[in-house]
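One structure is given here, and the rest of the page talks about it.
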Amino acid sequence: MAASAADIRSALSLPEPNGSSSTGYSAPKKHVSAATRKPDGISRELYSLIGPSAPSLAAQFAKPRLKQKPHFSGGASKVKWELRPFKNGARQDKLELRHWEKVTTEPTSDYPFAKYNIQSTSYTYSQDEYTRFLEDKEWTKDETDYLFNIVKEYDTRWYIIHDRYEYPGGPSRSMEDMKDRYYSVCRKLVRNRPWAGDEASRSQLMSSFQFDKDREVTRKKYILSLENRTPEQIAEEEALYIEVKRLEQTERKFKKERENLLRTLAGIDSGLPDIVEDDGALAGITSEVSGSVSTNAVTNKKKRKVGQVTDLDSPATPTAATAPATTKRPKTPSFDPHLCIIRVEVPSSGVATKAAHQPAYLRSFKLPTPKAAIAPKVTQALAELGISHNRLVMPTRETTANLEALLDATTALVDTKRAVERVEYEIQVLKDRLALREQNQSGDVDGSQAGADAEGENDDGEDGRAQSVVSVRSARGRKHQRRSVSISSVDTVSTRANMKRQKRS
Amino acid sequence: MVNYGGDEVSALVVDIGSSSLRAGYAGDDTPKAIIPTSYGFQNNPPDSDFVMGDGAENAEAQQKKSKFAKIYVGQNGPSIWREGMEVGNPLSEGLIQDFNPIPPLIDHAISKIMRCDTSEHPILLTEPAWNTPANRERMAEIMFEEFKVPAFYIANTGVLNAFAAGKGTALVIDVGSTMASVTPVVDGFVLRKGLMYSALPKLVQAHSRHLLALPTSNRPGINLTPHQLIANKEPVDAGALPKFTLREERLQGTTASWRNWAESREVDEWIQSVVGVTDQGWNDQVVAQRPSRHYEFPTGYNYYFGAERYYTGEQFFHHSASLIQSNPSLPRTIPALISDALRACDPELRGVLMGNVVLTGGGTLLSGFADRLSTELLRTFPHAKVHAPGNPIERRYGGWLGGSILASLGTFHQLWISREEWQEHGKAIVGQRCK
């Protein structure tokens with residue numbers, strides 16, 4: 001929105017320059033100035049009554065205007081085009097075609113489409129190279145030259161090359177023959193010529209020229225045989241396929257039924273791979289173990305399971321159960337050191353329920369912590385030694401065990417220290433008392449007894465008095481209660497009793 | 001502009017077919033000038049200062065071509081009866097056999113209808129895939145020497161039809177007015193070994209003509225006299241004998257070639273408006289159930305054509321055993337052409353080609369043709385996909401449309417054979433450049 005000069009003038013309440021034809025947003029202002037004259041369609045009397053202060057009316061009597069034309073180009077000037085001759089850089093001749101161009105564009109600039117004229121790299125060879133590396137009893141040099149020319153002409157579009165290939169006097173060549181010859185020549189040239197770049201790019205180029213003729217021929221033969229099937233053959237194939245699927249399905253069904261039967265009859269002793277122990281934690285994992293697991297693994301597993309039958313109460317630890325199931329490795333304990341597996345006996349905390357099952361966890365999550373009561377002291381003690389116990393750089397099993405031992409030791413140390421302090425304090429107190437008694441024995445005996453018993457006996461006395469007071473009060477309260485129950489609710493009774501109690505106290 | 005890859009150099013595209021010649025600006029979606037390829041001519045003018053007040057006649061061509069005393073081209077060419085006028089067609093089996101009328105035809109389309117100066121516009125011409133090198137060189141010679149074009153290119157209709165469908169690789173099935181062809185196109189090149197064509201539409205036309213002229217149990221044989229020879233006629237009921245009077249004064253001056261041309265045009269019109277194809281293969285009961293279609297001939301004879309119209313359409317897909325016995329050298333049907341074309345292609349390509357079948361040509365506009373083709377293809381190739389433009393202009397002038405697209409591409413302008421190259425290299429440049 002561009003502010004016109006008239007807008008700025010109206011904002012600063014400057015006078016309108018006389019005779020200037022303002023445009024745009026100054027239009028309403030013009031109407032106001034026009035309204036000072038008597039507009040058409042209003043009688044003189046009415047106008048004198050309402051005066052010039054009727055902008056809404058005045059606006060209605062303004063002359064109708066045409067809608068402003070939209071500026072599509074955002075106010076920019078018209079774009080000029082001109083018919084210009086141009087030369088195409090991709091052409092060898094001097095053909096000049098003409099096309100329309102914006103006047104603003106550079107006339108000497110290159111033709112924008114010339115850059116799409118890309119040439120594929122083509123290989124050429126000298127007579128010397130041909131005689132040294134490229135001799136082939138199937139191909140003459142002339143025909144090889146012809147092949148290379150046609151490959152260059154059609155940019156290695158092999159279907160077209162095969163279609164257009166007409167070497168006079170030569171044998172008929174299949175597409176594989178041509179490809180084989182072309183790529184083998186290219187490979188030989190790359191291999192035998194000095195190579196400027198590194199070896200990797202060279203081998204990459206070599207591999208791009210790789211062509212296995214026999215394989216291609218076989219592949220084509222397969223495609224052909226696939227196409228040449230008669231409808232009967234296709235139908236038969238279809239029927240056979242369905243038959244195989246059906247057989248597989250029945251087999252699977254039979255196997256499943258057999259397993260079910262075995263499981264019911266023999267239970268765990270049946271040696272089936274997916275028999276679950278009653279904790280059920282392994283069900284999901286072991287059922288995924290397919291039949292492709294080697295029989296060795298299955299028997300190993302069986303052994304382990306059978307061995308575990310005796311102590312069913314303790315479920316297998318996560319490390320022992322999950323790791324072998326997923327990695328499908330032999331899992332006898334004899335392999336453990338080799339596989340760095342350490343079997344930890346989970347402390348049998350009584351019943352083996354599902355809740356007691358311990359999922360896999362990170363060792364660092366389960367670092368031992370000192371008891372809350374003495375934690376600050378333990379921390380302090382360790383801090384004195386310069387050890388931070390709550391963050392281990394490498395929480396291996398040994399480190400954790402060491403840390404646990406350290407913490408235990410520290411806790412014991414702290415405990416011992418506290419016990420020592422307490423005992424020392426008691427000794428001190430008793431020593432003091434002994435000294436006092438020895439002192440008092442020489443002075444007033446009664447006074448000393450009262451002072452010595454101040455802690456224990458005095459308290460007892462107070463308690464006894466307080467109790468008696470309460471009992472008396474409650475007896476009185478009970479009387480009130482009994483009287484007032486008939487009158488009102490319990491709440492009021494209690495409050496009243498309280499008030500009375502307050503009054504009394 | 002660069003975004004769309006287009007760059008207009010005001011090139012013209014000329015597509016010469018057996019029935020019509022199409023010309024227009026490259027970049028347009030419809031040709032500007034569509035004129036019949038057939039032309040009328042008079043060998044021995046009855047009067048030396050005989051002047052036809054006809055815009056179609058070409059005085060220039062008359063002077064150049066001594067063979068024709070007069071030549072009549074364009075919309076008012078052969079279709080207007082003239083005494084002693086013969087009608088000829090330069091094309092036979094899709095190839096230009098007679099180059100004499102070609103310059104007048106092109107000149108009429110470009111200079112008279114489009115009002116263009118050929119020396120200012122590069123011209124892209126089309127050729128059928130089975131065109132001979134001699135033919136295209138002659139064409140280039142005509143364009144450079146007679147029309148003085150600055151640049152010239154000749155492109156294959158099969159490739160152009162594939163381009164019009166937006167495909168670089170396609171199996172183009174083109175059914176024109178005289179030839180049916182199946183062209184495998186790979187990466188914008190025709191596989192010449194896989195190219196198959198036959199004069200099937202010509203057979204269908206001859207068969208229709210025979211069918212109409214032959215009296216059946218329900219109707220008499222139909223008189224195909226064109227309206228130019230009929231003075232007046234009366235409306236009659238369907239199937240009733242026509243009541244008309246001939247222009248007796250014209251019968252004397254009517255040539256056999258004109259009569260033949262006019263009658264075959266009537267047959268063509270009947271085929272275009274009545275003939276249909278059963279979309280699920282031939283079935284007598286289905287055909288009997290189909291509604292019949294009404295058609296009136298210039299004589300005023302009109303009739304409801306029932307099963308007959310499907311007999312004709314069926315010829316594109318199947319030849320009856322009796323027909324094969326009577327004529328062993330029948331042109332191949334379209335399914336036969338397709339299977340022959342595929343057999344000649346690499347087995348690897350067959351799947352790709354069948355997934356990109358392009359149906360084009362005015363002959364494929366018969367009702368049910370595309371559906372029938374699709375059914376036939378799906379029977380052997382479950383993944384076949386037929387691209388058949390619904391717009392009749394696109395279907396009929398697919399070759400021209402592809403040329404219009406090609407000649408308006410910025411990257412194409414390096415392929416033009418320029419006048420300079422023509423002068424330098426001569427005829428050999430045509431074969432080199434237009435692969």
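The values are calculated or read from the model by the stated rules, or taken from the named source; none is laboratory data. These numbers come from a predicted model, not from an experiment. Positions of Cβ are generated from backbone atoms using ideal geometry, with glycine treated the same way; all protein chains shown enter the neighbour counts. The accessibility values were calculated without ligands, DNA or RNA, using every heavy atom of the protein model including side chains. Shrake-Rupley method; radii C 1.70, N 1.55, O 1.52, S 1.80 Å.
Results, tabulated for the structure shown:
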read-out: Amide H contacts under 5 Å for B:V172, placed H, 5+ residues apart; value: B:T183, B:V185, B:V358
read-out: For segment A:423-440, 3J(HN,Hα) per residue [Karplus equation, 6.51 cos²θ - 1.76 cosθ + 1.60, θ = phi - 60°, Hz, x = Gly/Pro]; value: 4, 4, 5, 4, 4, 4, 4, 4, 4, 4, 4, 4, 5, 5, 4, 4, 5, 6
read-out: Amide H within-cut-off set for B:I230, under 5 Å, with H built and near neighbours excluded; value: B:R247
read-out: Solvent-accessible area of A:R98 with every protein chain in place, 1.4 Å probe, in Å² to the nearest 10; value: 110
read-out: Average beta carbon contacts from partner chains per residue of A:425-434, 10 Å cutoff; value: 0
read-out: Farthest toward positive dipole pole in chain B [+1 Lys/Arg, -1 Asp/Glu at C-beta], among B:A180, B:N89, B:A341; value: B:A341
read-out: Cut-off 11 Å between beta-carbons: net charge of the residues surrounding B:P128, Lys and Arg +1, Asp and Glu -1; value: -3
read-out: Accessible surface of B:W130 - all protein chains present, 1.4 Å probe, nearest 10 Å²; value: 40
read-out: Residue-averaged [θ]222 nm for chain B, counting only DSSP H segments that reach four residues, each worth -39500 (n - 2.57); value: -9000 deg cm²/dmol
read-out: Shape of chain B, Cα gyration tensor, a/c cut at 1.5; value: oblate
read-out: Neighbouring partner chain Cβ atoms per residue of B:69-81, average, 10 Å criterion; value: 0
read-out: Rounded to whole Hz, the Karplus (6.51, -1.76, 1.60) HN-Hα couplings of segment A:131-143, x for glycine and proline; value: 5, 7, 10, 9, 4, 8, 6, 7, 10, 8, 5, 4, 5
read-out: Shielded residues, segment A:198-228 - accessible-area loss of 20 Å² or more between chain alone and all protein chains, probe 1.4 Å; value: A:R219, A:K220, A:I223, A:L224, A:E227
read-out: Dipole of segment A:127-227, positive end: most advanced residue of A:V185, A:Y167, A:V151 [Cβ charges, Cα centre]; value: A:V185
read-out: Calculated FRET efficiency for the pair B:S339/A:L205, C-beta based, R₀ 35 Å, to 0.05; value: 0.25
read-out: Residues in segment B:383-423 reached by a label modelled at A:Q92 [backbone nitrogen below 14 Å; 7 Å Cα→Cβ]; value: B:415-418, B:420-423
read-out: For A:156-168, mean number of other protein chain Cβ atoms within 10 Å; value: 4
read-out: Local net charge near B:P242, Cβ-Cβ under 9 Å (Lys/Arg +1, Asp/Glu -1); value: +1
read-out: Exceeding the 32 Å Cα-Cα cut-off - candidates A:K80/A:K115; B:K193/B:K385; A:K213/B:K193; A:K220/B:K202; A:K253/B:K385; value: A:K220/B:K202; A:K253/B:K385
read-out: Two-site FRET efficiency, B:E348 against B:K435, from Cβ-Cβ distance with R₀ of 30 Å, rounded to 0.05; value: 0.85
read-out: Packing-based order for A:422-435, B:370-383, using average beta carbon neighbours within 10 Å, highest first; value: B:370-383, A:422-435
read-out: Within-14-Å neighbourhood charge of B:G410 [Cβ basis; K, R +1; D, E -1]; value: 0
read-out: Paramagnetic reach from A:E237 (point 7 Å along Cα→Cβ, amide N under 11 Å) across segment B:347-378; value: none
read-out: Derived scalar couplings ³J(HN,Hα) [segment A:225-233; Karplus, 6.51 cos²θ - 1.76 cosθ + 1.60; whole Hz; x for Gly, Pro]; value: 5, 5, 6, 7, 5, 7, x, 5, 4
read-out: Placed amide H near A:H99: partners under 5 Å, 5+ positions off or other chain; value: A:R84, A:F86
read-out: B:Q325 versus B:L251: modelled label distance in nm, points set 7 Å from Cα along the beta carbon direction; value: 4.0
read-out: Fraction of beta bridges assigned by DSSP in chain B that are antiparallel (%, nearest 5); value: 75
read-out: Average accessible area per residue (Å²) across segment A:127-227 - probe 1.4 Å, nucleic acids and ligands excluded; value: 59
read-out: Interface burial for B against A (accessible surface, 1.4 Å probe, total of both chains, Å², rounded to 100); value: 2900
read-out: A:Y361-A:E257 pseudo-label distance in nm [points 7 Å out on the Cα-to-Cβ vector]; value: 4.8
read-out: Listed residues A:K213, A:K255, A:K69 arranged by accessible area, highest first, probe 1.4 Å; value: A:K69, A:K255, A:K213
read-out: Most to least accessible of B:T245, B:T312 (protein chains only, probe 1.4 Å); value: B:T245, B:T312
read-out: Solvent accessible area, Å² - A:M175, 1.4 Å probe, full protein context; value: 10
